[in-house]
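The structure appears below as structure tokens.
Quick note: the coordinates plus some simple rules give every number you see, no bench work behind them. Computed from a prediction, not measured in an experiment: that's the story for all the values here. For neighbour counting, all protein chains shown are included, and Cβ atoms are generated from backbone atoms with ideal geometry for every residue, glycine included.
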Amino acid sequence: MTPGRSRRRTAGTALATALALAAVFADEPARWLVAADPPRSADAAVVLAGDPDYERTKTGARLLLTGQVRLLILTGGEPGPGDSATSLRDVAIRAGVPPERIRMEQVSRSTHGSMEAIRPILEQEGVRSLAVVTSPYHQRRAVWAARRTLRGIEIVSRPADPSGWKPAGWWKTRWNRRIVLGEYAKLAYYVFRGWA
């Protein structure tokens, strides 16, 4: 083998290795957003609005129906499907959740606002542990906000599963780039405000 050929082969191998490493580690910014605790029981689950496909709601309903939580708390003060607690409630009831096991707050318009708004419900119901259910990409910010706002309550992170959003290859579509970069911007804002 000639020295030129050997250098090209070495360069090709190095490039292939670099591309393989980039493909593996390029997903890390999106993967970091997904915070999931090992499954365990909690007193209640809070489902955050902004759930147009109702993945969050169905996950919360499943937690209640399998006995992992005793109450389902639904959030959302925005009008429209997936953004109002009422729309989430309709889906939860259709999934089999008894209406008397549902609590709602209907004033929040943000993750931080949801955590503030559910505090009186948690106090009234004697909730000591809370499963936070939201989309995987939103999970870290939601859990940080819950732990900061709801001090004294054990927070369990339970991302919606299954979810249409996956961290793998997030940079390939405009929609996923907007989600991931937007979450980092929101997370920075929450930290700046002292909400996370």
Value at 222 nm in deg cm²/dmol, rounded to 500, when DSSP H runs of n ≥ 4 in the chain each add -39,500 (n - 2.57): -15500 deg cm²/dmol
Sites matching trypsin sites (Lys or Arg not before Pro) across the stretch 88-196 that sit in DSSP coil, with at most 15 neighbouring C-beta atoms within 10 Å: 109, 128, 151
Additional length obtainable on full extension of the chain from residue 109 to residue 188, 0.36 nm per residue less Cα span: 26.6 nm
Dipole of the chain, positive end: most advanced residue of 69, 194, 35 [Cβ charges, Cα centre]: 35
Inter-label distance for residue 93 and residue 53, nm, one decimal - labels placed 7 Å from Cα along Cα-to-Cβ: 2.6
Local electrostatic count at residue 166 - Lys and Arg +1, Asp and Glu -1, tallied over other residues with Cβ under 13 Å: -1
For residue 109, net neighbour charge (Lys/Arg +1, Asp/Glu -1) across residues whose Cβ lies under 13 Å away: -4
For the chain, size of Cβ-based charge dipole, Lys and Arg +1, Asp and Glu -1, in debye: 1060
Candidate aspartates and glutamates for bridging to residue 58, where Cα separation is under 16 Å - those fewer than 8 sequence places away on the same chain excluded: 83, 90, 161
Positive-end residue of 146, 181, 157, charge dipole of the stretch 136-195 with Cβ unit charges: 181
In nm, spacing of pseudo-spin labels at residue 66 and residue 172 (7 Å Cα→C-beta vector): 2.8
Residue 41-residue 151 pseudo-label distance in nm [points 7 Å out on the Cα-to-Cβ vector]: 2.9
Normalised contact order of the stretch 35-166, rounded percent, pairs of Cα under 8 Å and 6 or more residues apart: 31
Cross-link reach list, aspartates and glutamates versus residue 172, counting only Cα pairs under 19 Å and skipping chain neighbours closer than eight places: 27, 28, 183
Values of log10 I(q)/I(0), in the order q = 0.11, 0.12, 0.13 Å⁻¹, for the stretch 35-166 under a Debye, Cα-only, solvent-free model: -0.29, -0.35, -0.42
